[in-house]
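Novice: Supplied in structure tokens, the structure appears directly below.
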Amino acid sequence: MNDEAQFSEADLAPSPEERAASRRHLIDRVAASAAALAAGAWAGGMVALGACAAPFVFRLAPAPFSGDAMSAAFARFDQLALGAAVILLGAEVARTWAAGRRGASGAARVRRALAMVMAGCAAYVGLALTPRITELHREGARRGEGALGVELERVHRHAELAGRAEVFLGATLVVLHVFTLGARRPEDDDEDDEAVAPLPPGPR
């Protein structure tokens, strides 16, 4: 009997390179989704607190209750922002590993840099600005009144600038995470200079 070449079920199964590419593709998409959700929730929370809640609280509630209320709200939000920053940085590590050579693209590098800047903003606001604002409110400072009021005004301006930066960075990161998603191919994960050609189907 002639040993004729025949296709088998094993010939149709994905190669190890294809399975590795599929795993990396899945990790890339999961990490991108987590990062986009974290950045979007972070930026949206800043808009809700800074642009929506804060003006009405300071307008409707008398001092020092308004300041105390918003200080407590921002202190709680800072904890969420720091958690989102951890998710962002972790997602960048995962996406950089999963992307392989594609992780060296310009858009991916910009995305990683912005994630680090946004995480730095969270640390600066949560560990320096918000505690200082809370301390000044406890000391009876009112914006623009006396030395403590001048200091409170200065710290508030820094916090507002950082908040605007976080909103811009968060929106930009959502766009970049979507933009840098792409179809995975086995050759994207090949670390060698030359790709290995697959063997023809049939008996070896």
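Novice: Is it true that Thr130 is of a type in the set (S, T, N, Q) and surrounded by 19 or more Cβ atoms within 10 Å (Cβ to Cβ)?
Specialist: Here the answer is yes, as Thr130 does meet what is asked.
Novice: Now for a separate question. Given the residues Ala69, Ala20, Ala34, Ala54, which is the only one that is within 20 Å of Val117 (Cα to Cα), of a type in the set (A, V, I, L, M) and surrounded by 15 or more Cβ atoms within 10 Å (Cβ to Cβ)?
Specialist: Unique residue meeting the criteria: Ala34.
Novice: If we only count helices (runs of 4 or more DSSP H) wholly inside segment 11-129, which ones have 1 or more residues that are out of contact with any strand residue (DSSP E or B) (no Cβ under 7 Å at 6 or more places or on another chain) and among the acidic types (Asp, Glu)?
Specialist: The qualifying helices (runs of 4 or more DSSP H) are 16-46, 65-99.
Novice: Hey, among the residues in segment 141-168 that are of a type in the set (Val, Ile, Thr) and closer than 18 Å to Ala122 by Cβ, which one's nearest to the chain's Cα centre (by Cα)?
Specialist: Among those that are of a type in the set (Val, Ile, Thr) and closer than 18 Å to Ala122 by Cβ, it is Val167.
Novice: Are there any pairs with C-beta distances below 9 angstrom linking a residue in segment 1-30 that is among the aromatic types (Phe, Trp, Tyr) to a residue that is at pLDDT below 60, with the two at least 6 apart or on different chains, and if so which?
Specialist: Phe7/Pro201; Phe7/Gly202
The values are calculated or read from the model by the stated rules, or taken from the named source; none is laboratory data. These numbers come from a predicted model, not from an experiment. Virtual Cβ from ideal backbone geometry, glycine too; neighbours counted across all protein chains shown.
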